[in-house]
1. In a helix (DSSP H, G or I), surrounded by 13 or more Cβ atoms within 10 Å (Cβ to Cβ), modelled with pLDDT of 85 or more and at negative phi: does that describe residue 48?
2. So for segment 18-39 (the condition being aliphatic (A, V, I, L, M) and at pLDDT 85 or above), does at least one residue qualify?
Amino acid sequence: MATYETCPCFRVASSKPGSLSYREYLENSSEEYCPASSRNIQQLEDYLRQEWEKISTDTLSRLVSSMPKRLAAVIRRKGDVTS
């Protein structure tokens with residue numbers, strides 16, 4: 001099972017209190033990112049689609065709004081970790 005501890009793509013931290021990081025979102029939304037019950041690609045795709053539909057538009061808006069600052073931080077750090 002892939003989690004934020006085993007997948008580098010989930011290792012993102014907030015730079016400011018109150019900003020929503022991907023890691024915080026994942027920790028608060030679901031404990032499983034790859035369900036053990038998925039036996040094939042179609043089942044996994046169905047599961048991911050269902051989970052995606054649970055994400056509120058407010059959450060997505062906040063994530064999109066945070067991207068310019070996140071990208072600027074990555075550029076300042078020349079691609080290094082920004083936490």
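1. Working: in a helix (DSSP H, G or I): yes; surrounded by 13 or more Cβ atoms within 10 Å (Cβ to Cβ): yes; modelled with pLDDT of 85 or more: yes; at negative phi: yes.
Considered against the rule, which asks whether it is in a helix (DSSP H, G or I), surrounded by 13 or more Cβ atoms within 10 Å (Cβ to Cβ), modelled with pLDDT of 85 or more and at negative phi, residue 48 comes out as yes.
2. no
The values are calculated or read from the model by the stated rules, or taken from the named source; none is laboratory data. Predicted model only: the values in this text are computed from it and were never measured. Cβ atoms come from the backbone with ideal geometry, glycine included; neighbour counts cover every protein chain shown.
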